[in-house]
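Participant: Before anything else, here's the structure in question.
The values are calculated or read from the model by the stated rules, or taken from the named source; none is laboratory data. All values derive from a computational prediction rather than experimental measurement. A quick note on method: Cβ atoms are made from the backbone with ideal geometry, for glycine too, and the neighbour counts reach across all protein chains shown. Side chains are part of the model used for accessible areas, which takes the heavy atoms of the whole protein and leaves out ligands, DNA and RNA. Shrake-Rupley method; radii C 1.70, N 1.55, O 1.52, S 1.80 Å.
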Protein chains: 2
Amino acid sequence: MVNSDHPQSGSSAPKDHDPTSQHCDAALARAFSFLGKRWNGVILGSLVTGGAGFSELKRRVEGISDSVLSDRLSELQGVGLIIRTVQEGPPVSVSYALSHAGAELIPVMSALGAWASVNFVAHSD
Amino acid sequence: MVNSDHPQSGSSAPKDHDPTSQHCDAALARAFSFLGKRWNGVILGSLVTGGAGFSELKRRVEGISDSVLSDRLSELQGVGLIIRTVQEGPPVSVSYALSHAGAELIPVMSALGAWASVNFVAHSD
DNA sequence: ATATGTTACTAGTAAAAAGATAGTCACTTG
DNA sequence: CAAGTGACTATCTTTTTACTAGTAACATAT
């Protein structure tokens, strides 16, 4: 768990005169509390093309295991980024889709994807 | 090695699907190969306010341990996102700063921070 | 000159997370 | 009825992450 408290907030301005950086840093830390987890980013990215069921998501993410996908899905759902919908009926099916908050992340994801295409060349490690 | 070939880039073969999502997903996966690591995002975010030494970075990130910071720094350096500069002299000091590619990530970080501020306001759960 | 503190790390080890594999349960297809 | 799909859960094993120390060079205090 990352630090949930912020003991250094307040009067510590090392060298910046831009207050935006300050609040951004805190918000960034919050964002990375789940975006910094192994698959969360790609799962969210896979969902921008539309909602999907568990199996399709597994196909979309490609490489993730059942247990991890299940775990990440619960986590993402827990923070309200995705919505789980169960369609009752003869064959019960579950759909995962981006919530409003999750959808707001789409442009950021696109920007990140664009950046990666331009600046991040393939590394072999 | 610089790999600039993008199978999805250019106008080679327009697919029936939305090409933006396609290339974004692949690039996103690449981006999250390091952004999806625990501290990389915040370290990069801490660097946007300017370069810093090891100790100051540790103070900026707040919560990270020496070994992890050292490890992440090496990794980020390895993928060319940050630049390590050693100032020789009586007290040897090392500075870490964003590379060009790393700097290009700043607006994305800002967008992410803005998103987190709006959608991820203090949860009391 | 020795003790203490700072900066910049590296080592060793433990805890946590990720990954693989398999099993369950409902229902569908052959 | 056997096999297969979709949606998970459980149980390991491996990998990653994290924390505590410790090292080395220099600076300051005594």
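Participant: In nm, to one decimal, how far is the A:Ser93 label point from the B:Ser70 one, both placed 7 Å along Cα→Cβ?
Facilitator: The two pseudo-label positions are separated by 5.3 nm.
Participant: Which loop-located GluC sites (Glu not before Pro) does segment B:42-123 contain, where loop means any DSSP state but H, G, I, E or B and the Cβ has at most 11 other Cβ atoms within 10 Å?
Facilitator: Numbers: sites: B:Glu56, B:Glu62, B:Glu75, B:Glu88, B:Glu104; in loops: B:Glu62, B:Glu88.
In loop regions of segment B:42-123 (DSSP not H, G, I, E or B), the sparsely surrounded GluC sites (Glu not before Pro) are B:Glu88.
Participant: If you place +1 on the Cβ of every Lys and Arg, -1 on the Cβ of every Asp and Glu, and leave all else neutral, what size is the dipole of segment A:38-119 about its Cα centre, to the nearest 20 Debye?
Facilitator: 120
Participant: Read phi for every residue in segment A:88-94 and hand back ³J(HN,Hα) as whole Hz from Karplus 6.51 cos²θ - 1.76 cosθ + 1.60, θ = phi - 60°, with x for Gly and Pro.
Facilitator: Ordered by residue, 3J(HN,Hα) equals 6, x, x, x, 5, 10, 10 Hz.
Participant: Right, something else. Work out the P(r) tail for segment B:41-118: percent of alpha carbon pairs separated by more than 20 Å, whole number.
Facilitator: 32
Participant: Would you check the accessible area of B:Lys58, probe 1.4 Å, heavy atoms only, in square angstrom rounded to 10?
Facilitator: Here the accessible area works out near 70 Å².
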